[in-house]
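Chemist: Pasting in a structure now, in structure tokens, and then I'll have a few things to ask.
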Amino acid sequence: MTTETVTFNSDSTFRNTVVETVGRELFACYQCYKCSAGCPVAYAMDILPHQIIRSVLFGQKEKVLSSRTIQICATCETCTTRCPNHIDIAGIMDVLRQMQLESGNQPQEPKITAFHDAFLDTIKKTGRVHELSMIRDYSLRSKDFIEKMKTGEWKTDVKLGLKMFLRGKLKLLPSRCKG
């Protein structure tokens, strides 16, 4: 029988920063798996939500901040609702995304970041979401339009956009709200 020593780099500063930001209830996680079992996007994650919590508690900063999971999380709060100890897992994912940006780590899913930025910029400019502006900004940021031009997929997008416009679902010009 062979005995293996398992080592991991623990960064208690990382753990303490997350705990200070989201609260001490993080320590109440007993790995029941309910957050991961209920997550609608868990199939696309490399580390499940309950594993993210455990990794944060172990201070595994590099593992957590280089994970695709914190970008893929839809922040739908299903995990938070299902948690028997009322841990705000969606809030933790937000904190981790912010820490990832501040650390200079490149996100594993840059298109998600591009979409998020386009969404927020549209709201900052008009006070609400204007889909055409958002899609234009997203396409430019993610360089998605180049791929669609090469594959001819842009034609499908134009057809869908036209149908939505004719049904009144898309506005050509953004409506603005005061303040």
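Chemist: Treating only the Cβ atoms of Lys and Arg (+1) and Asp and Glu (-1) as charged, compute the dipole magnitude of region 22-179 about its Cα centre; round to the nearest 20 debye.
Modeler: Values: 25 positive and 16 negative charges, 148 e Å.
Roughly 700 debye, rounded to the nearest 20.
Chemist: In the structure shown, do any of Lys63/Lys124; Lys124/Lys155; Lys125/Lys169; Lys143/Lys171 have a Cα-Cα gap over 27 Å, and if so which?
Modeler: Numbers: Lys63/Lys124 33 Å; Lys124/Lys155 30 Å; Lys125/Lys169 20 Å; Lys143/Lys171 24 Å.
In this structure, Lys63/Lys124; Lys124/Lys155 lie more than 27 Å apart at Cα.
Chemist: Send over a whole-number figure in Å² for the accessible area per residue of region 71-164, probe 1.4 Å. Mind dumping the intermediate values first?
Modeler: Working: 5890 Å² over 94 residues.
In whole numbers, region 71-164 has 63 Å² accessible per residue.
Chemist: Among Ile146, Ala28, Met93, which residue has its Cα furthest toward the positive end of the charge dipole of the chain, with +1 on Lys/Arg Cβ and -1 on Asp/Glu Cβ?
Modeler: Ile146
Chemist: To the nearest 10 degrees, how steeply does helix 89-103 sit against the main Cα axis of the chain, on a 0 to 90 scale?
Modeler: Once rounded, the angle reads 80 degrees.
Chemist: Another question, then. Determine the gain in length on full extension of the stretch Ser175-His86; use 0.36 nm per residue of separation and subtract their C-alpha separation, reporting nm with one decimal. Could the numbers behind the result be given before it?
Modeler: Details: separation 89, 0.36 × 89 = 32.04 nm, distance 3.84 nm.
Full-extension gain reported as 28.2 nm.
Chemist: Using Stokes-Einstein with the Kirkwood hydrodynamic radius over Cα pairs, what translational diffusion coefficient do you get for region 74-174 at 20 °C and a viscosity of 1.002 mPa s, in µm²/s rounded to a whole number? It would help to have the intermediate numbers written out before the result.
Modeler: Working: Rh = 16.0 Å.
The calculation lands on 134 µm²/s.
Chemist: Would you mind getting me the FRET efficiency between Met164 and Ala74? Use the beta-carbon distance for r and R0 = 25 Å, nearest 0.05. Spell out each step's value before the answer.
Modeler: Working: r = 22 Å, r/R0 = 0.90.
Approximately 0.65, to the nearest 0.05.
Chemist: Next up: Carbon and sulfur together cover what percent of the accessible area of the chain at a 1.4 Å probe radius?
Modeler: Values: 6490 of 11760 Å².
Of the solvent-accessible surface of the chain, carbon and sulfur hold 55 percent.
Chemist: Leu57 to Lys111: FRET efficiency via 1/(1 + (r/R0)^6), r the Cβ-Cβ distance, R0 45 Å, to the nearest 0.05?
Modeler: Values: r = 30 Å, r/R0 = 0.67.
My answer for the efficiency is 0.90.
Chemist: Roughly what would the spin-label model give for Arg24 and Ser12, points 7 Å off Cα along C-beta, in nm?
Modeler: It is 1.7 nm.
Chemist: Taking Cα centroids, how far is region 43-90 from region 96-170 in Å?
Modeler: 24
The values are calculated or read from the model by the stated rules, or taken from the named source; none is laboratory data. Because the structure is a prediction, the values reported are computed rather than measured. FYI the Cβ positions are ideal-geometry reconstructions off the backbone, even for glycines, and counts take in every protein chain you see. Keep in mind that these areas ignore ligands, DNA and RNA; they rest on the heavy atoms of the full protein, side chains included. Shrake-Rupley method; radii C 1.70, N 1.55, O 1.52, S 1.80 Å.
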